[in-house]
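The values are calculated or read from the model by the stated rules, or taken from the named source; none is laboratory data. From a predicted model like this one, the values you see are computed outputs, not experimental measurements. Neighbour counts run over all protein chains shown; Cβ positions are idealised from the backbone, glycine included. Accessible surface is based on the protein model in full, side chains and every heavy atom, while ligands, DNA and RNA are left aside. Shrake-Rupley method; radii C 1.70, N 1.55, O 1.52, S 1.80 Å.
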Amino acid sequence: MKILPDYEHMEYRDVYTCLLHRYRHILGLWQPDIGPYGGLLNVVVDGLFIIGWMYLPPHDPHVDDPMRFKPLFRIHLMERKSATVECMYGHRGPHNGHIQIVKKDEFSTKCNQTDHHRMSGGRQEEFRTWLREEWGRTLEDIFHEHMQELILMKFIYTSQYDNCLTYRRIYLPPSHPDDLIRPGLFKGTYGSHGLEIVMLSFHGKRARATKITGDPNIPAGQQTVEIDLMHRIQLPDVEYLRNFNELSRIVLEVREQVRLEQQQEEDRPEDGEDHSRQSPREPQRGPVQPSAGPPTEKGKEPGDGGAVAAEEQPGQCGQGQPFVLPVGVSSRNEDYPRTCRMCFYGTGLIAGHGFTSPERTPGVFILFDKDRFGFIWLELKSFSLYSRVQATFRNADAPSPQAFEEMLKNIQSLTS
């Protein structure tokens, strides 16, 4: 510290008292309140600075590329007894800002010189610059009219904040040796909305993917995908898997089985026994119940697909089963894995613009490897590919499982 000209008169105690100790409560992971879009902010100590880095997904549809990040603010000592807060938003360098710590798990930032965010070419230049940074392309490169509307809407909505934001703390999910894969943050493809960040967490018999960034249909904080770990699905051979109707039949049969089991559970008298600790990795045993819903194809041979008995699982897809998307299922990224480890029944949340008429619809969760998974949205005939965020975050662990569950409820309630 002493060899830097600006800091040669500083005392170690000043750095600790006025910088590290004073702002200790803002270190870690945060979600900004930007309407449906959310975000991921990581506040770290970097040398003699505390810096807030906004993490951004890679450009659509390159889900396996590393995350991008840009600084939103920094705090450092310009004088011995006073820390200086600077806004880093825009392209004209650091300028005067302010941070208010509302409470332990919430703080807000304010830019005091928003004119530094403006560009000489006006809003048009600001939009084109934002578009290159956000999407890695120009508006002329995007031929889909609906996608153009979504992009323009996001720019208008997010730019009005001028880096004057409120942040709420988020935690990384706790992990357990029995988890299917290590929980954490993933980048996922969401059609015309581009890439979004989700958090995968495990909750006994179920796993959930919660949006950290979102869109006008399904906002940040909502549970985008839920995986039923008690209902494993055995996919048919590749030649049959190409047939969307065959996959649909299998999934809808499992959905009917889930419905019947839930009905039986509700009708069963209370016996005082706790079933909540049942292993989440143990699949549903026994054959699929006859479906009372959609008609099934006749002449189906045993083992062509459906729920999997425990004895069948390891050899059939634990070591890698060929995988291909059914014909007619759209995917932003054609470079998806061609083998999978296992599949489970799940539901995905869909809604109209403005999060209107939300409903959970059936689908298939596909585990490809320890860092990638996918989800087939049956009703949308769409496929989302998710890839792990390969970054290390400090000061981000939940103090307890209860604190993590409470955090999930809080971020969901903001957009419900």
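Which residues, taken from the stretch 359-368, are touching a residue at least 40 places away in the same chain (Cβ under 8 Å) and open to solvent by 40 Å² or more (accessible area, probe 1.4 Å)?
The one that is touching a residue at least 40 places away in the same chain (Cβ under 8 Å) and open to solvent by 40 Å² or more (accessible area, probe 1.4 Å): ARG360.
Considering only residues that are within 27 Å of the chain's Cα centre (by Cα) and closer than 15 Å to VAL43 by Cβ, which ones fall in the stretch 100-128?
ILE101, VAL102, LYS104, ASP105, GLU106, PHE107, SER108, THR109
Pairs please, first residue from the stretch 133-161 and within 15 Å of GLY39 (Cβ to Cβ), second anywhere and aliphatic (A, V, I, L, M), Cβ atoms under 7 Å, 6+ apart in sequence or on different chains.
Note: pairs meeting the criteria are THR158/ILE34; TYR161/ILE34.
Just to check your reading of the model, which residue among GLY35, GLY52 is within 21 Å of the chain's Cα centre (by Cα), without any contact (Cβ under 8 Å) to a residue 60 or more places away in the chain and either open to solvent by less than 50 Å² (accessible area, probe 1.4 Å) or within 30 Å of LEU152 (Cβ to Cβ) (or both)?
GLY52
It is to be established whether one or more residues within the stretch 382-389 are free of Cβ contacts under 8 Å to residues at least 12 places away in the same chain and part of a loop (DSSP other than H, G, I, E, B).
Scanning the stretch 382-389, I find no residue that is free of Cβ contacts under 8 Å to residues at least 12 places away in the same chain and part of a loop (DSSP other than H, G, I, E, B), so the answer is no.
Would you be able to say whether some residue in the stretch 2-17 is at pLDDT 90 or above, open to solvent by 30 Å² or more (accessible area, probe 1.4 Å) and in a loop (DSSP other than H, G, I, E, B)?
Scanning the stretch 2-17, I find no residue that is at pLDDT 90 or above, open to solvent by 30 Å² or more (accessible area, probe 1.4 Å) and in a loop (DSSP other than H, G, I, E, B), so the answer is no.
Within the stretch 209-263, how many residues turn out to be part of a loop (DSSP other than H, G, I, E, B) and not charged (D, E, K, R)?
The total comes to 12.
Please specify each residue of the stretch 342-363 satisfying the condition of being outside any strand (DSSP E or B) and not aromatic (Phe, Trp, Tyr).
Selection gives HIS353, GLY354.
Could you check TRP377 against (1) without any contact (Cβ under 8 Å) to a residue 40 or more places away in the chain; (2) exposed (fewer than 15 other Cβ atoms within 10 Å of the Cβ); (3) farther than 21 Å from PHE202 by Cβ; (4) not polar (S, T, N, Q) and say which number it fails?
(2)
Given the conditions (1) among the basic types (Lys, Arg); (2) within 27 Å of GLU140 (Cα to Cα); (3) open to solvent by 70 Å² or more (accessible area, probe 1.4 Å), report the number of the one that LYS81 does not fulfil.
(2)
Is there any pair with a first residue in the stretch 229-255 that is surrounded by 16 or more Cβ atoms within 10 Å (Cβ to Cβ) and a second that is among the hydroxyl-bearing types (Ser, Thr, Tyr) whose Cβ atoms are under 6 Å apart and which are 6 or more apart or on different chains, and what are they?
HIS231/TYR345; ILE233/TYR345; GLU246/TYR240; ARG249/THR296; GLU253/SER291; VAL254/TYR345
Just to be sure I understand, how many residues within the stretch 390-416 are in a loop (DSSP other than H, G, I, E, B) and either open to solvent by 70 Å² or more (accessible area, probe 1.4 Å) or within 27 Å of HIS231 (Cα to Cα) (or both)?
7
Filter the stretch 84-126 for residues that are of a type in the set (Gly, Ala, Ser) and over 24 Å from ARG137 (Cβ atoms) and give the result.
Residues satisfying the conditions are GLY93, GLY97, SER108.
Taking the options GLY348, GLY354, name whichever one is touching a residue at least 40 places away in the same chain (Cβ under 8 Å) and farther than 25 Å from VAL258 by Cβ.
One residue alone meets the criteria, GLY354.
For the structure I just gave you, tell me whether ALA220 is in contact with a strand residue (DSSP E or B) (Cβ under 6 Å, 6 or more places away or on another chain), open to solvent by less than 20 Å² (accessible area, probe 1.4 Å), at pLDDT 95 or above and farther than 27 Å from PHE107 by Cα.
no
Going by the conditions given, is ARG68 open to solvent by 50 Å² or more (accessible area, probe 1.4 Å) and more than 23 Å from GLN31 (Cα to Cα)?
no
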